[in-house]
1. Any idea which of Val452, Val422, Val406, Val381 is of a type in the set (A, V, I, L, M, F, W, C), more than 15 Å from the ligand (Cβ to nearest atom), touching a residue at least 12 places away in the same chain (Cβ under 8 Å) and open to solvent by 20 Å² or more (accessible area, probe 1.4 Å)?
2. Counting just the residues of segment 143-193 that are modelled with pLDDT of 95 or more and polar (S, T, N, Q), which one comes out nearest to His333 (Cα to Cα)?
3. Can you tell me which of Leu496, Leu487 is surrounded by 19 or more Cβ atoms within 10 Å (Cβ to Cβ), under 30 Å from His423 (Cβ atoms), of a type in the set (A, V, I, L, M) and within 16 Å of the ligand (Cβ to nearest atom)?
4. Can you name every residue in segment 521-562 that is open to solvent by 10 Å² or more (accessible area, probe 1.4 Å), assigned to a loop (DSSP other than H, G, I, E, B), away from the ligand (no atom under 16 Å from the Cβ) and out of contact with any helix residue (DSSP H, G or I) (no Cβ under 7 Å at 6 or more places or on another chain)?
5. Give me a count of the residues in segment 566-598 that are within 15 Å of the ligand (Cβ to nearest atom), small (Gly, Ala, Ser) and open to solvent by 10 Å² or more (accessible area, probe 1.4 Å).
6. For the condition in contact (Cβ under 8 Å) with a residue 24 or more places away in the chain, among the aliphatic types (A, V, I, L, M) and closer than 29 Å to Arg704 by Cβ, what is the one hit in Val264, Val184?
7. Among the residues of segment 615-630 satisfying the criterion of being assigned to a helix (DSSP H, G or I) and under 18 Å from Leu372 (Cβ atoms), which is most open to solvent (accessible area, probe 1.4 Å)?
Amino acid sequence: MPDLFRRAPAHTSTPWRSLLSVIACCAFVFASAPPMPAQPNNIVPAQIRYDEAGRTFRMDAADVSYIFGVNQSGELQTLYWGKRLRPADSIPEARAEPGSSAFDLPVNATPQEFTGWGGGLVVVPDLKITFPDGNRDLVLHYVSHAIRNNALTIVLKDISRGVFVELEYVIDPETGVLARSACVENRTHEPFTIEQAFAATWNLPGSADYQLRYLTGRWAGEWNLQQSALHPGKVVLESRRGSTGDEVNPWFAIERGSQPDQDVGDVWFGALGWSGSWQINIEEDWARRVRVTGGYTPFDFAYVLAPGQSLETPKFYGGYSSAGIGGASRLLHRFELDSIVPKAPHRRVRPVLYNSWEATGFDVNEANQEALAEKAASIGVERFVMDDGWFGERKDDHAGLGDWYVNPQKFPHGLRPLIDKVHSLGMDFGLWVEPEMVNPDGALYRKHPDWVLNFPGRPRTEGRHQLVLNLARDDVRAYIYGFLDKLLTENDIAFLKWDYNRNWSEPGWPAAPLDEQKEVYVKYVQNLYSILAELREKHPHVEIESCSGGGARVDLGILRLTDEVWPSDNTDPFDRLSIQDGFTYAYSPGLMMAWVTDSPNWMNDRSTSLEYRFLSSMQGGLGIGANLNKWTPDDFATAKKLVAEYKAIRATVQAGALYRLISPQGDSEYSVTESVARDGHEAVVFAFLHSSQQGRPYPRLYMRGLDPDAVYTIQVQVGKLADSSVQRASGDYWMHHGVGVSLRGDFQAAFFTLEREGTQ
Ligand code: DGJ
């Protein structure tokens, strides 16, 4: 099993050993990481350097420099984070900042990389500990460092106690995205309680003119982009629900300037890789210094560390772009696809899938699924996924969860005949599961009522008639891994849609020792990750989608172990434009599944054409979720043509560079995306109109990201151009003269490509 929760290597436990490691580290003076193999696109390899004289660490990768040093007090002080500096640019040494007055201690004025709560700190700390003797003071100073390949580790230690913190910095050579985390180790002789553990503090350059963006939502209304000016005070983004959540996603972006532009300007961004409760604080002080901290939420948190034990925080990723918020998204997309997801950077394109949920609901059976499979195959679908309803006594959402046997009334011969049929039609087979849940009306719960999160003697609050299994327990972990492994071993399954449909309530773990019960927040997610990792290792061909009542479990932690996500249960193709747009601020379109469903759509009772629905869904991983039994021959013909066209451009849409030509945010009448292929050979444009008003023409579109000197030919797949007299022209022409699209009426859409021919 991959070691996802690697403990930090044992550090030296005595001061003299620590000193030796400092001396040993001096050998790293200006040591660079070994050169990376030749990179495409002239990527300059990452470099990590240590300047012994200034006790300064400098990391350079892609367009980013990140610099910090050890100041005269022994604190680790941020010196610079932003656009890549010249190699010869020298940075002033770290010097603790004096406070502005006797009331303002240097410890709060100095931008530190990682702080313990102690020594008069009043800003948000990264680490807060209560020791058994009642002491709660923690002051962390530099001890040693090491540089290996693209990773830098720094060891901090409390000024008197054996609390060691190993900070890890890994910089991605292609994007300059840094992954930061902390590992806290108890080298005292008694247990202590961690009450707050964050991964890192990110200090931004001083500015009084920052705009914050983050993503909020709810079921069927996820991924709303929020924007507000930063002022002195604190903004807290958080989930307390036990999982990532959709009320806020663990992502932020901060732009300098009051009128941020999509593709111009300085942007700092970050995202947490954690699928449990989390917190990100964006804190600005009176001097307009901005610091961002994040990790496990301290709310209801306590983790007891025995001597010799350690706790690792989630990773907190951070990046910088000088190409506006659009550039920040493109860096994140690339980082996710090339460094985060399984099989990165060589994962396959997302297959076109069919999903049964909106067609048959819980009422699945062998005959109706085979009938749908035949129709799906006829339009070019590559993966047939049977959703909820196939197991236990599942007739609706009152029963079945936890009882993972194939329902004998619905599938008298097991899943085999359906899977064989799907294969014979040239598709692979996927199945819905919701492993972490149990319905009280079911055999598993009757046998193991103690397996759910609960507080003894208190009600067990149900959500969607289900309770949350306590995955922190080893027996629950073994049960879940066991049934999934059996399912995948006995059946030829290529894909699991892994659902998770409620929040925690009564998060008790009565079977654990009293002082360890709150560790449920960490251990649950660790076990979830370890199950996913172990399944993937044993069944390497199986792909997994993360779904949580729509898009409530999307983060860079779950994405290390899953191949795609379901962003929202809302499949209204118009609503989807802004949902999908919001999603792409933090996550790649190549991770996002989008289904074509029935019209009128159940969400808003809105009617749209099949072409409009397809074009909306073709901006991500394409799926079909409609009831194909209701389709006309014309519908099948339209679908077949568009599925084929999608397959021709999907690599560009899923892995290319996304430009938001017109954002649907803020009740815009329009929405236009352009995706440019990684090798630049084509650009794909989808344009949408909500409703024509007062005869206004559709806005002219100015392409971005093309090679100005290359020649591109325009080809319109759906819709028509306002003027089709020019079909071949330079990148400069398409970017500056632009394209007129003729869209009029209500819920209209167009789709065209620009194919590069050669260089003028
Ligand atoms: C919630 C998911 O988001 C839906 O797509 C569907 O799978 C249902 N659960 C099934 O219960």
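The values are calculated or read from the model by the stated rules, or taken from the named source; none is laboratory data. Predicted model, so just to flag it, every value in this text is computed and none were measured. FYI the Cβ positions are ideal-geometry reconstructions off the backbone, even for glycines, and counts take in every protein chain you see. For the accessible areas, the whole protein counts, side chains as well, though only heavy atoms, and no ligand, DNA or RNA atoms are used. Shrake-Rupley method; radii C 1.70, N 1.55, O 1.52, S 1.80 Å.
1. After applying the criteria, what remains is Val406.
2. Thr175
3. The match here is Leu496.
4. Within segment 521-562, Pro540, His541 qualify.
5. Total meeting the criteria: 0.
6. Numbers: Val184 fails: closer than 29 Å to Arg704 by Cβ.
Exactly one residue qualifies, and that residue is Val264.
7. Lys630
The rows are residues; the columns are (1) under 30 Å from Asp137 (Cα atoms); (2) touching a helix residue (DSSP H, G or I) at 6+ places or on another chain (Cβ under 7 Å); (3) surrounded by fewer than 22 Cβ atoms within 10 Å (Cβ to Cβ).
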residue	(1), (2), (3)
Ala200	yes, no, no
Pro205	yes, no, yes
Tyr210	no, no, no
Asn224	no, yes, yes
Leu230	no, no, yes
Arg241	yes, no, yes
Asp246	no, no, no
Gly265	no, yes, yes
